[in-house]
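Single-structure report; data block below.
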Amino acid sequence: MRSRWGAIPLCACLALVLSPIRARAEGEEEALAKGKKLYDEAVVLLEKKSYSEACPKLEEAVRLVPVAVGARLALAECDEGRGKLASALSGYRKAQSMAATTGQGEREELAKRNADRLEKKVGTLRIEVAPGDLGLAELAIEVDGAAAAAGQAVPADSGKRTVRATAKGRAAFEQVVEVADGKETAVAIVLAPEKAAGGGKPGGGERGG
């Protein structure tokens, strides 16, 4: 089956990045075969726009064969189809970089075109921390459990996102915000001293752009 994500199938793309003289690690062939099977199944589901079924298969295919550009492109399309635009944008950019590294010009151009298109549609989340708090010891900021940085708007999937921040000697901050496609949402983190927290959870500010 010829993939719409370029002429090079999942298996063949490995030959571009794996040295032919390197011995295959034990289990590599099995992972490749399993990844190809999942990829082929997902392509059929994508044609039917069955994103909820296709995306998990593609996520597992990418986990099994991280160098498979075709699977990453398919997953990015699947994420876009199910409304996760920030995830799709990240996937397209990653596929673009990998395709450029391995000389897959057709896929590189396809990934770039899709990423450029999505950049105008994706929602962003800006996390703001008072300048005096940026130097707090052990300051850590997370969005949905993943590390995040303050002071810049970053792409975020639409829907409810949980922003959490902690620092030594301060009460933890946690707030659920709603991100909308095409808009910027800002969260102002307030890290109150622990003794002033009073056992409650400090609040913060949110505003939609």
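The values are calculated or read from the model by the stated rules, or taken from the named source; none is laboratory data. In this text, all values refer to a predicted model and were calculated from it rather than measured experimentally. Cβ: placed from backbone, ideal geometry, glycine included. Neighbour counts: every protein chain shown. The accessibility values were calculated without ligands, DNA or RNA, using every heavy atom of the protein model including side chains. Shrake-Rupley method; radii C 1.70, N 1.55, O 1.52, S 1.80 Å.
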| From the list Gly151, Gly145, Gly169, Gly132, which residue is in contact with a Ser or Thr (Cβ under 9 Å, 6 or more places away or on another chain), free of Cβ contacts under 8 Å to residues at least 40 places away in the same chain and either of a type outside the set (D, E, K, R) or over 25 Å from Val62 (Cα atoms) (or both)? | Gly145
| message | I'd like the full set of residues that are more than 13 Å from the chain's Cα centre (by Cα) and not hydrophobic (A, V, I, L, M, F, W, C), limited to the stretch 69-90. | response | Gly70, Gly81, Arg82
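Check the stretch 86-95 and report whether any residue there is of a type in the set (S, T, N, Q), at pLDDT 95 or above and in a helix (DSSP H, G or I).
yes
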| field | Selected residue (only one of Leu75, Leu58 is surrounded by 15 or more Cβ atoms within 10 Å (Cβ to Cβ), in contact (Cβ under 8 Å) with a residue 12 or more places away in the chain, in a helix (DSSP H, G or I) and touching a Ser or Thr at 6+ places or on another chain (Cβ under 9 Å)) | value | Leu75
| Since Val129 meets every condition but one in (1) surrounded by 17 or more Cβ atoms within 10 Å (Cβ to Cβ); (2) touching a helix residue (DSSP H, G or I) at 6+ places or on another chain (Cβ under 9 Å); (3) over 15 Å from Lys183 (Cα atoms); (4) hydrophobic (A, V, I, L, M, F, W, C), which condition does it not meet? | (2)
| note | Sole miss for Lys121 among (1) in contact with an Asp or Glu (Cβ under 7 Å, 6 or more places away or on another chain); (2) open to solvent by less than 70 Å² (accessible area, probe 1.4 Å); (3) in contact (Cβ under 8 Å) with a residue 40 or more places away in the chain is condition (2)
| request: Considering only the stretch 134-150, state which residues are of a type in the set (Gly, Ala, Ser) and either within 20 Å of the chain's Cα centre (by Cα) or surrounded by 10 or more Cβ atoms within 10 Å (Cβ to Cβ) (or both). | output: Ala140, Gly145, Ala146, Ala147, Ala148, Ala149, Ala150
| note | Counted residues in the stretch 151-167 being assigned to a loop (DSSP other than H, G, I, E, B), open to solvent by 30 Å² or more (accessible area, probe 1.4 Å) and at pLDDT 95 or above come to 1
| task | Go through the residues of the stretch 183-202 one by one and say whether even a single one is modelled with pLDDT of 95 or more, under 27 Å from Glu80 (Cβ atoms) and either open to solvent by 30 Å² or more (accessible area, probe 1.4 Å) or touching a Ser or Thr at 6+ places or on another chain (Cβ under 7 Å) (or both). | result | yes
| message | For Ala130, only one of the following conditions fails: (1) modelled with pLDDT of 95 or more; (2) aliphatic (A, V, I, L, M); (3) out of contact with any Asp or Glu (no Cβ under 7 Å at 6 or more places or on another chain). What is its number? | response | (1)
| All but one of (1) within 24 Å of Ala68 (Cβ to Cβ); (2) within 15 Å of the chain's Cα centre (by Cα); (3) hydroxyl-bearing (Ser, Thr, Tyr) hold for Ser158; which doesn't? | (1)
